[in-house]
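The values are calculated or read from the model by the stated rules, or taken from the named source; none is laboratory data. Predicted model, so just to flag it, every value in this text is computed and none were measured. Here the Cβ positions follow ideal geometry from the backbone for every residue, glycine too, while neighbour counts run over all protein chains shown.
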Amino acid sequence: MKYTKTAFALNPDNETNREILIAYLSALNFESFDDSGDQLTAFYPIGKVNSEDIQSVLSEIPFSVEFNEEEMPDINWNEEWEKNYFQPLMINDQVLIRAPFHKDFPKAEYEIIIEPNMAFGTGNHETTSMMMQHILELDLQDKTVLDMGCGTGILGIMASMLGAKSITAIDIDEWSYTGTKENAALNHISNLTAIQGDASLLHEQKFDIVLANIHKNVILQDMEKYVSVLNDDGLLIVSGFYKEDMEDIIGHASELMLSKIIIKEANKWTSCAFKK
């Protein structure tokens, strides 16, 4: 899948305004954001967002924003990540996450190999690492797990290594679907099934644990569906949203008769575990 890169120049440009802009843009079909540079950049599959929609969103924001777009070449993402981004990562002094091309890395109790591509989820982002921390605290022996918005498949792979009986990993993005299958094979995971699609695929199958590291709007939209496939006393663990979004997430969970049990925070990001 090819992507369009959109660069946003804010005036004034500060962390608060960037967070506001990301929150507004998340209502569109942007799949990832990078706020580490001089400009905020966002990525979407070609044809999924149009300039008129972006202009409409920007008209609601109380500060100045200019943007430009470029179609990204279908480049070798392995090479790009190796050169610029993906370094071996240790989580909780237990889990090492690395790429196949890494040669120098520490030993760990668990080792997950991720072939980097456009899919989200190498563990470097706070939302992914918090989800990993949640999983490491659970007893997953013989549990059935659903990973919505699976990205690279890293959460499902971790669940399998911790004893889960089966994992269903779903993502709407073709890169993620393909990457999850490849990464499961790289890590010798045989009980993970990857499916391309969204929450409309959820029907009769039930799960002990549902993981959803997605944008706030998707979580709010699909939470009822997640709950419908969750076993009694099952856990729903969500992330991918800011601290200020927590009230909306908890409020909707309460309407669905979920009990909040654990909240984790890292920088401006939050995750939460609920029990049915």
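In the stretch 92-104, of all residues being part of a loop (DSSP other than H, G, I, E, B) and closer than 20 Å to GLN133 by Cβ, the one that is modelled with the highest pLDDT corresponds to GLN94.
Filter the stretch 227-242 down to residues that are of a type outside the set (A, V, I, L, M) and under 16 Å from the mean Cα position of the chain (by Cα) and give me whichever is surrounded by the fewest Cβ atoms within 10 Å (Cβ to Cβ).
If we filter the stretch 227-242 for residues that are of a type outside the set (A, V, I, L, M), which is where we start, we get 228, 231-234, 239-242.
Retained after the next criterion (residues that are under 16 Å from the mean Cα position of the chain (by Cα)): 239-242.
Details: SER239: 28, GLY240: 26, PHE241: 26, TYR242: 17.
Ranking the candidates gives TYR242 first.
Residue-by-condition table, conditions (1) modelled with pLDDT of 95 or more; (2) out of contact with any strand residue (DSSP E or B) (no Cβ under 8 Å at 6 or more places or on another chain); (3) of a type in the set (Val, Ile, Thr):
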site: ILE172; (1), (2), (3): no, no, yes
site: GLU182; (1), (2), (3): no, yes, no
site: HIS188; (1), (2), (3): yes, yes, no
site: VAL210; (1), (2), (3): yes, no, yes
site: GLN221; (1), (2), (3): no, yes, no
site: LYS260; (1), (2), (3): no, no, no
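Scan the stretch 131-138 and tell me whether some residue there is within 27 Å of ASP208 (Cα to Cα), of a type in the set (A, V, I, L, M), at pLDDT 85 or above and surrounded by fewer than 18 Cβ atoms within 10 Å (Cβ to Cβ). Yes, the conditions are met somewhere in the stretch 131-138.
If I filter the stretch 143-156 for residues that are part of a loop (DSSP other than H, G, I, E, B) and surrounded by fewer than 24 Cβ atoms within 10 Å (Cβ to Cβ), do I get at least one hit? Yes: the stretch 143-156 contains one or more residues that are part of a loop (DSSP other than H, G, I, E, B) and surrounded by fewer than 24 Cβ atoms within 10 Å (Cβ to Cβ). Checking each residue in the stretch 157-171 for being crowded, with 18+ Cβ neighbours inside 10 Å, in contact with a helix residue (DSSP H, G or I) (Cβ under 9 Å, 6 or more places away or on another chain) and among the aliphatic types (A, V, I, L, M) picks out ILE157, MET158, ALA159, ALA164, ILE167, ALA169, ILE170.
What about ASP34, is it closer than 15 Å to GLY240 by Cα, surrounded by fewer than 18 Cβ atoms within 10 Å (Cβ to Cβ) and at pLDDT below 90? Explain how you work it out, then say what you get.
Values: closer than 15 Å to GLY240 by Cα: yes; surrounded by fewer than 18 Cβ atoms within 10 Å (Cβ to Cβ): yes; at pLDDT below 90: yes.
For ASP34, the condition - closer than 15 Å to GLY240 by Cα, surrounded by fewer than 18 Cβ atoms within 10 Å (Cβ to Cβ) and at pLDDT below 90 - is met.
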